[in-house]
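Step one of this worksheet: look at the structure below.
The values are calculated or read from the model by the stated rules, or taken from the named source; none is laboratory data. If you're wondering where the values come from, they're calculated on a predicted model, not measured in any experiment. As a convention, Cβ positions derive from the backbone with ideal geometry for all residues, glycine included, and neighbour counts pool all protein chains shown. Just so you know, the surface numbers come from the protein's heavy atoms only, side chains and all, with ligands and any DNA or RNA stripped out. Shrake-Rupley method; radii C 1.70, N 1.55, O 1.52, S 1.80 Å.
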Amino acid sequence: MAKPVSIEVWNPNGKYRVISTKPMPGTRWINLLIEQDCRVEICTEKKTILSVEDIISLIGNKCDGVIGQLTEDWGETLFAALSRAGGKAFSNMAVGYNNVDVNAANKYGVAVGNTPGVLTETTAELAASLSLAAARRIVEADEFMRAGLYDGWLPHLFVGNLLKGQTVGVIGAGRIGSAYARMMVEGFKMNLIYYDLYQSTRLEKFVTAYGEFLKSNGEQPVHWKRASSMDEVLREADVISLHPVLDKTTYHLINKESLATMKKEAILVNCSRGPVIDEVALVEHLKQNPMFRVGLDVFEDEPFMKPGLAEMKNAVIVPHIASASKWTREGMATLAALNVLVIVLLLAFFKFRYVWHLFGKRIDNISCFSSVIATVLSIATLSQSALQGKIKGYPIWGDPNRVEPFLNESVPPPAACPSIVNAKALGLPVSKL
Ligand SMILES: NC(=O)C1=CN([C@@H]2O[C@H](COP(=O)(O)OP(=O)(O)OC[C@H]3O[C@@H](n4cnc5c(N)ncnc54)[C@H](O)[C@@H]3O)[C@@H](O)[C@H]2O)C=CC1
Ligand SMILES: O=C(O)C(=O)CO
């Protein structure tokens, strides 16, 4: 029997029970749920990372939806528990969802939400901060001052790297990688080399236009290049920032061999996920190459660091705070709550429970699955306007780049259900991402 977990309850008589495994910034997300007749239960347990057992205990016997965190292991066990409790809605309060087994969610017909867009600029700004902190040795210099070691200006004191005119390399030029690239190109007049599975035309156009602008002002223009391999970026760039998703293709993307291809004085920044770097190999590389510097927001075995990393003067390390601006965190909470809310309302509105029950059983029965999808699609499409009415006029959000409504309290509430990562697998017509 799992130990009871402490909770705070809002709107105790609400019809739908929605759980948040953590208190989240702001109150807007709570109000949006309450307005739609949800009883909101927030876990207040003084424990940073909840175990699977803790979350099972929170879910209990009846639960309509859960807002969870990237530190939690959302796999078969939790999705089975949520499904048993009648819930078909889960949202990570994060854009990355490598902690979620989406196949398991599909098996139980649970929609999985994430929070893209609202954290793009904030995360890119931290990557830029780490790039600067590493280039200019800010943390080392700060420690030196506080230790009372400063006894006068010296020509060699904390000499670092000039960014202007150097090359910034981006691996994973999606939303965050592209925003970071723009900041470094525009802010520091760096040239760009990037590697991604897809071409980032908007980014290329931005750098071209900025280069032309500089040239028209009599300044040295900036250039861009799309690399045909990651190694090309590692060889050519002076500052390299990692922004891919974490999956099988990106696990230990940076390892002993790839580190060896980088310049001896290069700067490596990671604001994606820890396991993208082989951290043991990184520590060894930092030891062997004192002029090589890193800025890390994420770690392979979070919250732990591999032995030796904390002692490295050429590493700037912060505790997974890349999305930590008030603006963004409130936006993430709002978006996560709406992801869950719209699925809860969708189910209630169309009395989908029977159909969704079939989802849970359909995995080895493709024809049954197809007919379920067809049913869901036709009901949902026919009734889309009715659904919009039900959720008080919040239209389905179709543009992942339009994030202001999630962040600005003085404009109408954001559009509903913007980002369900397995919408296609579940046949849900609610996400255009
Ligand atoms: N440190 C932090 O607090 C935060 C970390 N993140 C991490 O950043 C990641 C990226 O977020 P977004 O930019 O919004 O996602 P995105 O989906 O817009 O960008 C990811 C990019 O990675 C590329 N990619 C995938 N596999 C690749 C490979 N093998 N090689 C090169 N590129 C590859 C994709 O094509 C895509 O363009 C998230 O998945 C999350 O893990 C996101 C927000 C905050
Ligand atoms: O959103 C994410 O993926 C994070 O890591 C936290 O912002």
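What to note about this one:
- Computed extension length for ILE7-THR77: 23.0 nm, one decimal, from 0.36 nm per residue of separation with the Cα-Cα distance subtracted.
- Too-long pairs where the Cα-Cα distance tops 32 Å, listed order kept, from LYS47/LYS264; LYS189/LYS424; LYS164/LYS205: LYS47/LYS264; LYS189/LYS424
- Rounded Å value of the spacing that divides the Cα centres of region 193-231 and region 108-139: 21
- Cβ-defined net charge surrounding ASN98, 13 Å radius [Lys, Arg +1; Asp, Glu -1]: -4
- LYS287/THR44 FRET efficiency (R0 60 Å; Cβ-Cβ; nearest 0.05): 0.90
- Probing with 1.4 Å while keeping every protein chain in the model, the per residue accessible area of region 204-271 equals 54 Å².
- Sparse-neighbourhood loop sites, GluC sites (Glu not before Pro) in region 162-231 - DSSP loop, at most 12 other Cβ within 10 angstrom: GLU219
- Label separation (ARG202 vs ASP37): 3.8 nm, computed from points 7 Å beyond Cα along the C-beta direction.
- Heavy atoms of ILE176: accessible area, 1.4 Å probe, square angstrom to 10: 30
- Percent carbon-and-sulfur accessible area, region 120-317, ignoring ligands, DNA and RNA, probe 1.4 Å: 56
- In this simple spin-label model, placing a label point 7 Å from the Cα along the Cα-to-Cβ direction at both TYR150 and LYS164 gives a separation of 2.3 nm.
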